[in-house]
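Undergrad: Once you've had a glance at the structure underneath, I'll fire off some questions.
The values are calculated or read from the model by the stated rules, or taken from the named source; none is laboratory data. Here the structure is a predicted model, which is why all the values come from computation and not from measurement.
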Amino acid sequence: MSTLGIAGIVVVIAVMAALVVWREQVKTMARATGGFMGEVNGEVRKVTWPDRQQLKNATGVIILFVIIVAILIGLMDVILQLIFTTWLPSWFR
């Protein structure tokens, strides 16, 4: 048997071994994923979902907060724009 033939047999055996190991890893990951999904399903069933009134109240609070933050950012923008475009350049003339 030539060196090339032996090398070919070694490569085939190595590929087969790699496929066996890969298959086992895929099985292990599939089992782990299935277990994880079962745990997620169990945890989601424990969640207490808000009723319609609680949802309306929380949405109102969030919208009010966003409006207040938007106003504050707008005011900071106007103030900083005045400082950097009007007052600061006049100081260095």
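Undergrad: Go through (1) more than 24 Å from the chain's Cα centre (by Cα); (2) at pLDDT below 90; (3) not aliphatic (A, V, I, L, M) one by one and return the number of the condition Trp22 breaks.
TA: Of everything listed in (1) more than 24 Å from the chain's Cα centre (by Cα); (2) at pLDDT below 90; (3) not aliphatic (A, V, I, L, M), Trp22 misses just condition (2).
Undergrad: For region 59-69, indicate whether the set of residues that are of a type in the set (Gly, Ala, Ser) and modelled with pLDDT under 95 is non-empty. Let's see the steps before the verdict.
TA: Here is the first cut: in region 59-69, the ones of a type in the set (Gly, Ala, Ser) are 60.
Filter once more, so that each one left must be modelled with pLDDT under 95: none.
No, every residue in region 59-69 fails to be of a type in the set (Gly, Ala, Ser) and modelled with pLDDT under 95.
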